[in-house]
Amino acid sequence: MPLVYYVPEYERDASQISLNAERLLRLLGASGKLAGFRYAVYMVEQVRDQPENMLLITKRLYMQTAEHFNTTPSCVERNLRTLIQNCWSYPDHSFLNLIAGTELQQPPTNSQFIDILAAYLRN
């Protein structure tokens with residue numbers, strides 16, 4: 001089954017629409033005004049490019065992200081959790097379910113969310 005996602009009318013004429021972490025998060029209903037948005041974009045791209053970063057997400061990836069944005073790992077974790085709740089409050093979960101490959105009954109954990117998005121972008 002081919003992958004289908006919503007493309008606004010004004011973008012349908014574009015010859016090639018590239019899907020990156022930022023665009024994917026926006027399609028999921030995430031707002032760029034949240035601090036966790038920038039952290040999530042960074043982490044998804046890190047995991048997309050180096051899947052081994054998922055192995056030690058709390059000890060390695062949160063620390064690396066915190067250093068990159070000059071903040072603390074606990075701040076990164078908390079803001080990512082807030083972003084996920086923001087996406088989950090979006091009324092339609094069909095696209096999130098599509099990229100997860102299953103119907104989610106509850107919001108994904110931070111690790112699951114990053115892994116789902118990175119795997120989707122990798123494929």
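Only the coordinates and a few stated rules stand behind these numbers; no lab work does. Everything quoted here is computed from the prediction, not taken from an experiment. Backbone-built Cβ (ideal geometry, glycine too); neighbour counts: all protein chains shown.
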Alpha-carbon Rg/Rh ratio, for the chain, with Rh computed the Kirkwood way: 0.96
Using alpha carbons only, how many angstrom separate the centre of region 90-109 from the centre of region 26-42? 16
Give, as a single signed number, the net charge of other residues whose beta carbon lies under 10 Å from the beta carbon of N110, with Lys and Arg counted +1 and Asp and Glu -1. 0
So what are the three principal axis dimensions of region 47-88 from its Cα atoms, in whole Å, longest to shortest? 27, 22, 14
Run through region 20-123 and list the trypsin sites (Lys or Arg not before Pro) located in a DSSP loop whose Cβ has at most 12 other Cβ atoms within 10 Å. K33
Quick one: helix 73-88 against the long Cα principal axis of the chain, what's the angle to the nearest 10°, folded into 0 to 90? 20
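If exposed chymotrypsin sites (Phe, Trp or Tyr not before Pro) are those in a DSSP loop with at most 15 other Cβ within 10 Å, what is the longest stretch of the chain that has none? Could the numbers behind the result be given before it?
Values: sites that count: Y5, Y6, F69.
The longest such stretch corresponds to 7-68.
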What is the angle, in °, between the Cα long axis of helix 110-122 and the longest principal axis of the Cα atoms in the chain? Nearest 10 is fine, range 0 to 90. 50
Rounded to the nearest 20 debye, dipole of the chain from Cβ charges on Lys, Arg, Asp, Glu: 300
